[in-house]
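Just so it is clear, none of the values below were taken in a lab; they were calculated from the coordinates. Note that the structure is a prediction, hence the values are computed from the model and not measured. Because the Cβ atoms are built from the backbone with ideal geometry, glycine has one as well, and the counts that use them run over all protein chains shown.
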Amino acid sequence: MPVVHEDGQLVARIRERDLSALGALYDKYRLQVFHTALAVTRDRQAAEDILQEAFLKVHAYANRIDLGVPLAPWLYRVTVNLSYTWATRQAKWRTSLETLIDRLVAPPRVAPEGYFEARDLQTRIQRAVDALPFNQRVVIILYYLSDLSLKEIAYILDCPVGTAKSRLHYGREALRRQLAQSLEPQAAPVLEMSYDFT
Amino acid sequence: MTSRERPNVAGDGLGDLLRTALKDGVRAVTPSAGAREALLRAAAERQRAALPYPFEQARPRRDDEWRQWEGRTATESPTAALLLHARLIALRIVQ
């Protein structure tokens with residue numbers, strides 16, 4: 001008889017239409033799913049939607065889930081896919097909105113100066129992570145926030161371990177460059193002083 | 001920010017910075033109190049309605065619809081049903 005993981009026992013109960021088992025899985029994994037979605041999307045409402053959608057998928061696909069392994073990797077995979085869908089839609093919406101603004105506003109837009117002039121370090125790091133391409137951002141978040149191994153990340157992203165490793169490397173390099181630049185000491189302002197000798 | 005206060009983004013220093021910043025960024029934020037209840041309610045609704053995921057209404061097969069329609073018409077008027085039947089066969093051949 002195959003060994004059933006404790007998550008698998010709950011999934012088996014969901015198959016029997018026992019919703020308290022879905023509640024138990026939610027209690028166990030809600031923060032992992034929510035925080036991953038929040039870190040990727042930076043949008044609380046989107047993270048809540050993704051959280052609900054991910055567990056509704058557990059409910060809907062309970063018959064296809066392997067009962068012998070922990071549910072976490074499967075849930076992470078669903079969370080990342082849902083976050084990707086959300087990010088893609090946002091990007092399309094943002095692009096069309098920016099196009100519209102470009103047409104409406106005559107002067108050309110310039111890159112915001114002092115983007116990295118955020119006062120606190122966490123904000124700088126968060127902005128640097130947000131600026132990464134989606135694939136690198138997800139690997140950085142799964143590795144540093146969720147503390148997953150490269151092998152687990154590769155499973156979640158359905159890619160070879162080498163690909164996950166390379167995305168982590170390029171993501172780190174991009175972050176290092178951006179952060180080093182943002183943490184450069186600013187040139188001290190030249191004060192114009194005048195003295196009145198009377 | 002002096003050089004002593006400036007965070008170390010070289011080597012493992014970057015990893016520590018990222019780990020701390022990412023975890024601090026989400027730690028205090030939790031799903032809303034009603035999220036669990038909303039999930040279970042949505043799951044119960046889907047379960048009750050026995051809808052295939054995500055929202056596809058289980059429709060009778062096209063052939064069943066045809067058969068039901070033909071049967072209902074036949075009880076109303078045999079002649080009309082016969083004519084209709086011929087038209088339906090013709091339609092099927094065209095399709």
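Given a Förster distance of 25 angstrom, what is the FRET efficiency for A:ASP130 paired with B:ARG41, based on the Cβ-Cβ distance and rounded to 0.05? Calculated value: 0.15. For the range B:23-31, backbone phi angles converted through the Karplus equation (6.51, -1.76, 1.60; θ = phi - 60°) give residue-by-residue couplings of 5, 5, x, 10, 3, 7, 9, 10, x Hz, Gly and Pro being listed as x.
The HN-Hα couplings worked out from phi for the range A:139-147 by the Karplus form 6.51 cos²θ - 1.76 cosθ + 1.60 (θ = phi - 60°) are 5, 4, 5, 5, 7, 8, 8, 8, 6 Hz, whole numbers, x standing for Gly and Pro.
With 0.36 nm allotted per residue and the present C-alpha distance subtracted, the A:ASN63-A:ASP27 stretch has 10.9 nm of extension available. For A:LYS28, the lysines whose Cα falls under 24 Å of its own Cα, not counting residues fewer than eight places away in the same chain, are A:LYS57, A:LYS151, B:LYS23.
Projecting the Cα atoms of A:GLY23, A:THR41, A:VAL4 onto the charge dipole of the range A:1-107, computed from C-beta unit charges around the Cα centre, puts A:THR41 farthest toward the positive end.
Each residue of the range A:31-38 is assigned a 3J(HN,Hα), and the resulting list reads 5, 4, 5, 4, 5, 5, 4, 5 Hz, derived from the Karplus form 6.51 cos²θ - 1.76 cosθ + 1.60 (θ = phi - 60°), x at Gly and Pro. With a 10 Å cut-off around each Cβ of A:23-30, the average count of Cβ atoms from other chains is 2.
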